[in-house]
Amino acid sequence: MTMLVGAGGNAGNQAAVRIIRGLATGEVDPAPTARTTALVSDELVRALALAAILVGAGFLRVVAFGGGADDALAISASLFIIVSTSVVLGTLLPLVLQSVRVDAAHASTTIQVVMDVLGVLITCTVAPLVFETAERIAGQLEIPTDSVVRGRGVIRHYLREALREGHTWLPEAELEQRLSGRGLSESTITEAL
């Protein structure tokens, strides 16, 4: 999680600093001039390029540290959305602040805080969607519901769901109860745990 929100905050801050500098030197006008529109368009391209590069790095990092493909995909998807959103917000925030006569320099610290919060929200929204999709795909591929591989995926999903609910741990009995409703046998649950 730290990697995700940190990447978002840093990317947004760098975009904000580029715009703040442009405002200070007169290179950027807070009004939607052709020059400012071109600059914002360039930042959007940079946002997508940076996000794409970091997705590859994030995917490799998850796999290198023993995460599964579903974990790597969830982290990568979250990272892409966080970084691209951060750069866009980091680009626009100084312009908005300047246009309402607030010092645009406040944007660099503001974007850090905003992206810390948004990064967590994005990850907590994207990860369950990825895991639910993986579960549907496993069903379509006819991987048996009672397989250990699916059991481990479901366990990870439930543990993340519990984390999203505010739990820092989940008693084994409660986890087993949740898992039994998914068609997993006791032996599969024991082996998957």
*Would you say ALA72 is open to solvent by less than 50 Å² (accessible area, probe 1.4 Å) and either touching a Cys at 6+ places or on another chain (Cβ under 6 Å) or in contact (Cβ under 8 Å) with a residue 12 or more places away in the chain (or both)?*
yes
_Suppose the filter is without any contact (Cβ under 8 Å) to a residue 40 or more places away in the chain and either open to solvent by 40 Å² or more (accessible area, probe 1.4 Å) or within 14 Å of VAL87 (Cα to Cα) (or both); does ALA16 pass it?_
no
*asked:* Can you list residue pairs whose Cβ atoms sit under 9 Å apart, with the first residue in region 112-136 being closer than 12 Å to LEU73 by Cα and the second being loosely packed, with under 15 Cβ neighbours inside 10 Å? Count only pairs 6 or more apart in sequence or on different chains.
replied: THR123/MET1; ALA127/ARG164; PRO128/ARG164; ALA134/ALA69
*Is there a residue being of a type outside the set (Gly, Ala, Ser) and under 19 Å from LEU4 (Cβ atoms) anywhere in region 180-188?*
no
*Out of (1) open to solvent by 30 Å² or more (accessible area, probe 1.4 Å); (2) closer than 19 Å to TYR158 by Cα; (3) in contact with a helix residue (DSSP H, G or I) (Cβ under 7 Å, 6 or more places away or on another chain), the odd one out for LEU121 is which?*
(3)
*In region 141-161, what residues are open to solvent by 70 Å² or more (accessible area, probe 1.4 Å) and within 14 Å of GLU191 (Cβ to Cβ)?*
PRO144, VAL149, ARG152
*Quick one: what pairs do we get from region 171-193, first residue more than 15 Å from ARG156 (Cβ to Cβ) and open to solvent by 60 Å² or more (accessible area, probe 1.4 Å), second assigned to a loop (DSSP other than H, G, I, E, B) and among the acidic types (Asp, Glu), C-beta under 7 Å, 6+ apart or different chains?*
none
*Taking region 124-140 as the region of interest, how many residues are surrounded by 15 or more Cβ atoms within 10 Å (Cβ to Cβ) and either more than 17 Å from the chain's Cα centre (by Cα) or acidic (Asp, Glu) (or both)?*
3
*Could you count how many residues in region 151-161 are farther than 13 Å from ASP70 by Cα and either charged (D, E, K, R) or in a loop (DSSP other than H, G, I, E, B) (or both)?*
1
*Somewhere in region 92-112, is a residue touching a Leu at 6+ places or on another chain (Cβ under 9 Å) and loosely packed, with under 13 Cβ neighbours inside 10 Å?*
yes
*asked:* Taking the conditions exactly as written (over 20 Å from GLY66 (Cβ atoms), open to solvent by 80 Å² or more (accessible area, probe 1.4 Å) and touching a helix residue (DSSP H, G or I) at 6+ places or on another chain (Cβ under 8 Å)), does ARG164 satisfy them or not?
replied: yes
*What do you reckon, is SER78 open to solvent by 20 Å² or more (accessible area, probe 1.4 Å) and either in contact with a Gly (Cβ under 9 Å, 6 or more places away or on another chain) or without any contact (Cβ under 8 Å) to a residue 24 or more places away in the chain (or both)?*
no
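The values are calculated or read from the model by the stated rules, or taken from the named source; none is laboratory data. Keep in mind that what you see is a predicted model, and the values were worked out from it rather than measured. Quick reminder, even Gly has a Cβ in these numbers, built from the backbone with ideal geometry, and neighbours come from all protein chains shown. Side chains are part of the model used for accessible areas, which takes the heavy atoms of the whole protein and leaves out ligands, DNA and RNA. Shrake-Rupley method; radii C 1.70, N 1.55, O 1.52, S 1.80 Å.
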